[in-house]
Amino acid sequence: MADDLLLSSATDLAARLKSREISSEELLGKTLTRIEKLNPAINAVIAQDVEGARRDAARADANLKAGNGGALEGLVITIKDSIDVAGLPATCGAPIHRDRIADTDAPAVARLRQAGAVILGKTNVPIFTGDFQSFNSLFGVTNNPWDLTRSPGGSSGGAAAAVATGMSAFEVGSDFGGSIRWPAHACGVFGHRPTYGLVSARGHVPPQPGSLIDPAFATLGPLARSAQDLALILDIIHGPAAVDGARAKLERYAPATPSALRVAVWADDPEAPVDAEVSAAVRHAAQLLKDAGAHVDELARPDFVFAEELDTFSLFNHAIMAVGFPEEVRTRLAAKAKELAPGDRSHRAMQARGAKIDAETWAALERRKKEIIAAWQAFFTTYDVLLCPPAPVAAIPHEHQPGFHSRVLMVNGTERPYFDFLYWSSFASLAGLPASAAPIGRTASGLPVGVQIVSAPGNDMKTIACAGLLERLGPGFIAPPI
């Protein structure tokens, strides 16, 4: 791209603003030009408040001139359209919320403003964030900047595409079943799903606007062009909402030398097949760390059965998603569950079983979840991090058939169910673990591929530090060719 300034890390941009090498108003002008030039083809940014951003940029410049700027003072950013930003549309891609304008900032957004960020607009999502691609009837389809015929992923697909192309200094997205990690991997940027409860998810839709119930398993987190940016942003947005008590603690981590790093690797599995180029990227990341002196173990596994972990998260996922279904749909799905063979573990079967879960079954799922969490806790007493795929494939061609069960993924030339996207993200999602996604290379066809880095609860800065080490050892962020 012609203007490399907009492809700098947020950390570097913040330093340039503080030294007054560039003003926030200049940065805003360049960002608006970038959006005007690139967004028609990508369709990542779906709403803007230009006048409000100009006022905030002028205020930021005054603060910077007086030496009073916050850590993010003057940075121009966008926010995922499932997260409330006062004065901006907050539709979550849903026609029922077509005319909704948020009247208050989500707690995480409020913290960004307090740190001086200039919020320009919102980025596209699938309807109610319920897909692995980013498209809806209100704003249309978001394209991947590496290949416009492919999706940037979902549900934070607009966010990842905006960061990858310099239309935003960084983004805040949300992640239930990989919604930060998968788009980061698909677009070649860094992303971080925080420990569950570390960042308040108030002001996110779903659940319904104004709800005081945090979405189960979901958390808000950053997408950026460097690992250092992830740490910078997480340090600002973490913490409870005003009405909450703290539910998770952010542990500080002084990056150790590579020789002190204990790395486990899980690059593929018969239960969850991974495309060869994606699993090769995970192994390449492990080799980079090993060559730098890290202790790498490709055989280590936590003490649970992978199939049981997958089934547990799948049932939780479908039960939570079914809450938003009409009652007649839930009843019809539940009726199908009675006809299933006991050993049927297909996604259709899990959806039917999850449609109406009784209290006894839910309690059994919670017990299994606690056992799996305990297994991870024991595992991370021996290992610092686990490297695994962020998703089973690289960026996929657009596929918008309304029935998820009719969509497929091509993994090593073989059709796999669309819901396989949940498998490798389920580790962190089910157990509430922190997980960073870092770009590590490209496929033979030029698509970006990344690695997922998982650790124990609260060890967010450890996964981010590992992403930073890989950034120094490997290619790091590379701008897409658009």
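The values are calculated or read from the model by the stated rules, or taken from the named source; none is laboratory data. Bear in mind that the values here come from a model prediction, so they are computed numbers and not experimental data. Cβ: placed from backbone, ideal geometry, glycine included. Neighbour counts: every protein chain shown. Just so you know, the surface numbers come from the protein's heavy atoms only, side chains and all, with ligands and any DNA or RNA stripped out. Shrake-Rupley method; radii C 1.70, N 1.55, O 1.52, S 1.80 Å.
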(request) State all residues of region 334-360 that are part of a helix (DSSP H, G or I) and open to solvent by less than 60 Å² (accessible area, probe 1.4 Å); if no residue qualifies, say none. (result) A334, A335, A337, H347, A349, M350, Q351, A352, G354
(request) Starting from residues that are in a strand (DSSP E or B) and aliphatic (A, V, I, L, M), keep the ones in region 210-231 and report whichever is nearest to E471 (Cα to Cα). (result) A224
(message) With the requirement that a residue be farther than 17 Å from Y423 by Cα and either open to solvent by less than 90 Å² (accessible area, probe 1.4 Å) or in contact with an Asp or Glu (Cβ under 9 Å, 6 or more places away or on another chain) (or both), what does region 304-329 give you?
(response) A322, G324, F325, P326, V329
(request) Being outside any loop (DSSP other than H, G, I, E, B) and at pLDDT 95 or above narrows it down to one of A272, A267, A280, A300, so name that one. (result) A280
(message) Regarding region 184-198, can at least one residue be identified that is more than 20 Å from A438 (Cα to Cα) and basic (K, R)?
(response) no
(request) Output yes when any residue across region 376-384 is part of a helix (DSSP H, G or I), at pLDDT 90 or above and loosely packed, with under 14 Cβ neighbours inside 10 Å, and no when none is. (result) yes
(message) Looking at A169, A161, A201, can you tell me which residue is open to solvent by less than 10 Å² (accessible area, probe 1.4 Å) and assigned to a helix (DSSP H, G or I)?
(response) A161
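Could you tell me which of the residues S8, S23, S82, S19 is of a type in the set (S, T, Y) and touching a strand residue (DSSP E or B) at 6+ places or on another chain (Cβ under 8 Å)?
S82
Is it the case that some residue within region 283-303 is hydrophobic (A, V, I, L, M, F, W, C), in contact with a Lys or Arg (Cβ under 7 Å, 6 or more places away or on another chain) and either within 25 Å of K369 (Cα to Cα) or open to solvent by less than 80 Å² (accessible area, probe 1.4 Å) (or both)?
yes
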